[in-house]
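Report on the structure given below.
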Amino acid sequence: MPYVKSYKELEVYLLAKQLSYEIFELTKSFPKEERYSLIDQIRRSSRSIGAQIAEAWAKRRYEKHFISKLTDADGEQQETQHWIATSLDCKYIDKEKHKYYISKYSEVGRMLQSMINKSNLFCKKSNQ
């Protein structure tokens, strides 16, 4: 694993951040009556993924804490997938957008799981 100095350099963080922006733009077209429900929920969960990754990075001195925060990030990406499916059910997005976002968030999930599986590489003292 190439050494990175900041969570901001992690591919999974960059992807999560990009997707949260895409979700923000996507939800601008949702009906106004969804503003305080679906729109808030999907925006919050999508934004939380990157925040959880940043927290995990800060806690890598303690491997169990690192894994816990990455697990939280994975939970947020799965929640985002749920809201994407809800958006399809409500006909706010089409099947193509649904497929795209489910695929992208599944990729985030795989990347997070890989980090969890290799947590010892991220939590070495030399990476501090």
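Within region 15-26, residues that are closer than 14 Å to Asp40 by Cα and without any contact (Cβ under 8 Å) to a residue 40 or more places away in the chain reach partners that are surrounded by 15 or more Cβ atoms within 10 Å (Cβ to Cβ) and small (Gly, Ala, Ser) with beta carbons closer than 8 Å, at six or more positions or on different chains, in the pairs Ser20/Ser46; Ser20/Gly50; Phe24/Ser46.
If the condition is being aliphatic (A, V, I, L, M) and within 14 Å of Arg47 (Cβ to Cβ), then region 71-92 contributes only Ala73.
I want to confirm something. Restricting to region 28-46 and keeping residues that are closer than 16 Å to Cys90 by Cα, touching a residue at least 24 places away in the same chain (Cβ under 8 Å) and not charged (D, E, K, R), which single residue is surrounded by the fewest Cβ atoms within 10 Å (Cβ to Cβ)?
Ser29
What do you reckon, is Ile49 of a type outside the set (Asp, Glu), under 22 Å from Phe24 (Cα atoms) and in contact with an Asp or Glu (Cβ under 6 Å, 6 or more places away or on another chain)? It is true that Ile49 is of a type outside the set (Asp, Glu), under 22 Å from Phe24 (Cα atoms) and in contact with an Asp or Glu (Cβ under 6 Å, 6 or more places away or on another chain). Of everything in region 8-32 that is over 13 Å from the mean Cα position of the chain (by Cα) and assigned to a helix (DSSP H, G or I), the residue that is farthest from Val108 (Cα to Cα) is Lys32. Residue count for region 59-108, restricted to those that are part of a helix (DSSP H, G or I), over 15 Å from the mean Cα position of the chain (by Cα) and touching a residue at least 12 places away in the same chain (Cβ under 8 Å): 7.
Only residues that are under 30 Å from Lys32 (Cα atoms), of a type in the set (Ser, Thr, Tyr) and loosely packed, with under 13 Cβ neighbours inside 10 Å were counted across region 57-114, and they come to 1.
Can you find even one residue in region 30-41 that is of a type in the set (Ser, Thr, Tyr) and farther than 17 Å from Gln113 by Cβ? Outline the logic, then answer.
Initial filter on region 30-41 (of a type in the set (Ser, Thr, Tyr)): 36-37.
Applying the additional criterion that residues be farther than 17 Å from Gln113 by Cβ yields 36-37.
So far as region 30-41 goes, yes, one or more of its residues are of a type in the set (Ser, Thr, Tyr) and farther than 17 Å from Gln113 by Cβ.
Each reported figure results from applying straightforward, stated rules to the coordinates on display, with no laboratory input. All figures in this text were calculated on a predicted structure; none of them were measured in a lab. Note that each Cβ is placed from the backbone with ideal geometry, even for glycine, and that neighbours are counted across all protein chains shown.
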